[in-house]
Amino acid sequence: MADRTGGKINKGIVSKMDTQGSKKTILKDVLKIGEYELSSRLLVGTGKYKDLSESHAAIEASGAAAVTVAIRRIDAGQTTDAPDLLDVISPERYVILPNTAGCYDAASAVRTCMLGRELLDGHALVKLEVMGDSRTLYPNIVETLSAAKTLCKEGFQVMVYTSDDPILAVELEAIGCVAIMPLAAPIGSGLGIQNRFTLRTIIENSSVPVIVDAGVGTASDASIAMELGCDGVLMNTAIAEAQNPILMASAMSKAVQAGREAFLAGRMPRRAYATASSPLDGRFFS
């Protein structure tokens, strides 16, 4: 099991009070994925916005350090005079995470990753997703495993979208994937965290980051994922389809941070009965 409060996977927020009562931060909280260290545990996508300007503003408001790009669905400068997404999300500022959205078999997913590596000058970090069908967008696990094996052998650092099967998560880590990304509900559904117990099992068994990849609909969902012990949350639709995407991006940033701090702080135990907040000793007339 990974040490999610200060070990190899990430460094927890550790603070102490000095004699004047001010807080001193000893360690900065970073998310380590493969060879990358991310300053934010919120990862965001680039699709579904009304235009590149809105996409840029929402990404800025989210504070994300890593941004996913669907290589098969973008024009990254290939067409003359077309808007260039990589001007909006510069690789000099963000960790670009090319993904294989739209792929339904291992071969096309591998080809897409190869193309992404060429477009981004040898960039090895990728998000692998191989869909089973267009209606549910559930992962095709057989094809996902095949693609993951090939990509890891080819030197890619693979962040893999998967189901919430704990056994499969262990297998994907053993193959060499640098992050496990289980769904919390179907992609784009906004249903929130529907599988808390299986997510907890994946987290407990994993020594690489576990990042919820689908199902978040609002800020409280993101907080719940982080309170469960997830290392991060990736989202697109929850922000892009909000009535005010830029404001929602800001809310998601705060929610992820709040959930992370609550996880590190450790919640109080649940009890079946009430316990008094005030001490019982020293009462008048006792």
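The values are calculated or read from the model by the stated rules, or taken from the named source; none is laboratory data. All values reported here derive from a predicted model rather than from experimental measurement. In this analysis, Cβ positions are derived from the backbone assuming ideal geometry, glycine residues included, and neighbour counts consider all displayed protein chains. Just so you know, the surface numbers come from the protein's heavy atoms only, side chains and all, with ligands and any DNA or RNA stripped out. Shrake-Rupley method; radii C 1.70, N 1.55, O 1.52, S 1.80 Å.
Overview of values
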quantity: Subset of the range 152-165 (residues that are of a type outside the set (S, T, N, Q) and more than 9 Å from C177 (Cβ to Cβ)); calculated: K153, E154, G155, F156, Y161, D164, D165
quantity: Matching option when the condition is under 17 Å from L125 (Cα atoms) and without any contact (Cβ under 8 Å) to a residue 40 or more places away in the chain, among L234, L172, L168, L151; calculated: L172
quantity: Flag for A249 being modelled with pLDDT of 95 or more and on the phi < 0 side of the Ramachandran plot; calculated: yes
quantity: In the range 41-72, the residues that are surrounded by fewer than 19 Cβ atoms within 10 Å (Cβ to Cβ) and not charged (D, E, K, R); calculated: G47, L52, S53, H56, A57, G63
quantity: When residues of the range 62-118 are limited to those that are at pLDDT 75 or above, in a loop (DSSP other than H, G, I, E, B) and hydroxyl-bearing (S, T, Y), the one nearest to D29 (Cα to Cα); calculated: Y94
quantity: Any chance T150 is farther than 17 Å from A214 by Cβ, in contact with a Lys or Arg (Cβ under 7 Å, 6 or more places away or on another chain) and of a type in the set (S, T, N, Q); calculated: no
quantity: Number of the exception - L128 against (1) closer than 15 Å to A101 by Cα; (2) open to solvent by 50 Å² or more (accessible area, probe 1.4 Å); (3) in contact (Cβ under 8 Å) with a residue 24 or more places away in the chain; calculated: (2)
quantity: Among (1) open to solvent by less than 20 Å² (accessible area, probe 1.4 Å); (2) among the aliphatic types (A, V, I, L, M); (3) touching a residue at least 40 places away in the same chain (Cβ under 8 Å), the one test that I187 misses; calculated: (1)
